[in-house]
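Asker: Could you have a look at this structure, given as structure tokens, before my questions?
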Amino acid sequence: DGATLDDLVKRDSYEVALRVMSDEELYKLEMERVFAKTWLLLGHDTEIPNAGDFVVRDMGEDQVIVTRDRNNEIHVSLNVCPHRGMKVCTAEAGNAHAHRCIYHGWAFRPDGSFIGAPVEKEQMHGNLLTKDKLGLKKARVEVYGGLIFATWNIDGPSFDDYLGDMKYYLDQLFCRTDSGLELLGPPQRFILPCNWKIPGEQSGSDGFHTLTLHRSLMEGGVMGGTPESIYDNAPGMYGVDVSCEQGHSLRCLEAAQTFKMFSDISFEGKSVEERLQMLPPPGITKELIPQLFNNLSPDQVEQLATIPPQVGGLFPNILVAFIFAPRTDGGSSGALALHTYVPRGPDKVEFVNFIFAEKDAPEQVKRDMLQNSIQQTGTSGVIEQDDADTWPQIMRNARGVVSKDITLKYQALHGHERPEGWKGGGLLYPGFTKDDTQWNWWMAYYNLMAEA
Ligand code: FES
């Protein structure tokens, strides 16, 4: 309707028009300028351990086949037959050394290259295009900590540039043991009636909603704090929020303080090893502790033991959740999960929940991690039930003729400040939770959307 990007994302007053959540033209532009440009999370390499294994996933509205070939390389190819546009792979997952289109039978290798067609002489009559031009369109792929990322932006920023300063913190969750992580089962998936940016911007580390939307969880002792003094004592409110210009963010919260709701422990005067023994990070058993020192720097281990990243997100559509939960022996099994919010049109999002445990962890710990994650951040989890109630209501308002002109307000902006002795990089926001990380998410969105 003639509105410019600056009318929608108001950089002078730190507001965003609510109608960004419902505008159909904007959605189409987002598919081109965000989802076809940036790196996107598709899955984990333990989903496709053998040659020929594949899963079908989405990059925005474009469906792709994620495969492993005989040389152990992972490929991401558009699931669109270059002959006449049919889906090449109609299954969601499986094993195949050739993907054969059901329409006219063209076949493709796991790396996307063209194998051949039935009655090939007749189908290729004229040979207008050589076989090397008939393969599936390929995305650029990067595997980090087993996580499979891909982008259509073949000459765009490297994956390292995309992660930026967040790698130091993410390594502590995804690259900390010798054998790495394992995805526990296929991801849980469900569709919610809301625009992808509603959960997307919340994953830019919205800390304030924990106090109110999730208040019942704190009152019940599920999520920190005490019923008497939730506002003073909620452990999820204090720490160091880390962010960067790429729009990612992580809230680093004190481990002992977070765990206080289950057991009163103090790290005072304790070495890093002693802290790890007292309260192993979620998913780490006492036997796995030495592996942390093999894979992380001493500073990273110290942070993981003391004030680990616990919740946040990667731009544009990933949530990171690392949750402490008690074990009967007094330690923590917890949960480690990632969500992606996959756009399904301007008013629908597919919520995809990936649940992890260390490959080398005992089976019982894996079961605990799975159970904790399902109960907390899964499709039926106590945390997501709250969020999934809110997002569709915001969406409904984004369509009202009057209400769509309301703005989202980011008033709690403080500016970044480096706490003394902090070892990691990034833009740092110490103390009580703030809005800065979410505003950084919107600035990353603005910058991509402003690029022609
Ligand atoms: Fe796939 Fe014709 S559309 S073979």
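The values are calculated or read from the model by the stated rules, or taken from the named source; none is laboratory data. Just so it is clear, the structure is predicted and the values come from calculations on it, not from any experiment. Ideal geometry is used to build each Cβ from the backbone, glycine not excepted, and the neighbour counts take in all protein chains shown.
Asker: List the helices (runs of 4 or more DSSP H) inside segment 272-347, counting only whole elements, that have at least 3 residues being at pLDDT below 95.
Answerer: 272-278
Asker: So, one more: Conditions: (1) assigned to a strand (DSSP E or B); (2) closer than 25 Å to Thr258 by Cα; (3) not aromatic (Phe, Trp, Tyr). Glu350 meets all but one. Number of the miss?
Answerer: So the condition that Glu350 fails would be (2).
Asker: Can we say Leu253 is surrounded by 24 or more Cβ atoms within 10 Å (Cβ to Cβ), at pLDDT below 95 and within 21 Å of Asp165 (Cα to Cα)?
Answerer: Answer is yes for this residue.
Asker: Has segment 27-49 got any residue that is farther than 19 Å from Leu134 by Cα, within 16 Å of the ligand (Cβ to nearest atom) and surrounded by fewer than 22 Cβ atoms within 10 Å (Cβ to Cβ)?
Answerer: Checked segment 27-49: no residue is farther than 19 Å from Leu134 by Cα, within 16 Å of the ligand (Cβ to nearest atom) and surrounded by fewer than 22 Cβ atoms within 10 Å (Cβ to Cβ).
Asker: If you check Phe315, Phe356, Phe322, which single one turns out to be closer than 28 Å to Phe35 by Cα and either in contact with an Asp or Glu (Cβ under 9 Å, 6 or more places away or on another chain) or not assigned by TED's automatic domain parsing to the domain that holds Pro199 (or both)?
Answerer: Phe356
Asker: Can you report the number of residues in segment 418-446 which are surrounded by 13 or more Cβ atoms within 10 Å (Cβ to Cβ) and either of a type in the set (Gly, Ala, Ser) or outside the structural domain of Pro316 (by TED's automatic domain parsing) (or both)?
Answerer: Result for segment 418-446: 5.
Asker: Is there any pair linking a residue in segment 88-106 that is under 17 Å from Asn50 (Cβ atoms) to one that is within 15 Å of the ligand (Cβ to nearest atom) and part of a loop (DSSP other than H, G, I, E, B), with Cβ under 6 Å and at least six apart or on different chains, and which?
Answerer: Close Cβ pairs (under 6 Å, with a partner that is within 15 Å of the ligand (Cβ to nearest atom) and part of a loop (DSSP other than H, G, I, E, B)) amount to Cys89/Asn79; His99/Val88; His99/Cys89.
Asker: Moving on to the next point. Look through segment 65-84, keep the residues that are within 16 Å of the ligand (Cβ to nearest atom) and not polar (S, T, N, Q), and return whichever of them is surrounded by the fewest Cβ atoms within 10 Å (Cβ to Cβ).
Answerer: Arg84
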